[in-house]
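So the structure is just underneath, and the comments pick up after that.
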Amino acid sequence: MAVREIFAGMPWWVKWIAVPVIAIVVFGGLIASVVGFVIGLLFKVLIFVILVGGLVFVVRKFMSSSSSRGDW
């Protein structure tokens, strides 16, 4: 028996409300941990990009100011 045949005789609220609620109750901890991991990873990537960009900015600023002083 296919899943489609099982759900064919069910009311609409079973398909669109009860089944998703049961899935969230059963897999809610797993879903929350995966979402938390992804958000934490994105935050770390953002911090990395900001720090590398700041480092590049400071090095370029320092190099341009030191080369202009060497022209004297």
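Only one residue in Met63, Met10 is among the hydrophobic types (A, V, I, L, M, F, W, C), outside any helix (DSSP H, G or I), surrounded by 10 or more Cβ atoms within 10 Å (Cβ to Cβ) and at pLDDT below 95, so which one is that? Criteria check complete, one pass: Met10.
Taking the numbered list (1) open to solvent by 100 Å² or more (accessible area, probe 1.4 Å); (2) modelled with pLDDT of 95 or more; (3) under 20 Å from the mean Cα position of the chain (by Cα) in turn, Phe57 passes all entries but (3).
The values are calculated or read from the model by the stated rules, or taken from the named source; none is laboratory data. Note that this is a predicted model, so its numbers are computed, not measured. Backbone-built Cβ (ideal geometry, glycine too); neighbour counts: all protein chains shown. The area values use the complete protein model at the heavy-atom level, side chains included, leaving out ligands, DNA and RNA. Shrake-Rupley method; radii C 1.70, N 1.55, O 1.52, S 1.80 Å.
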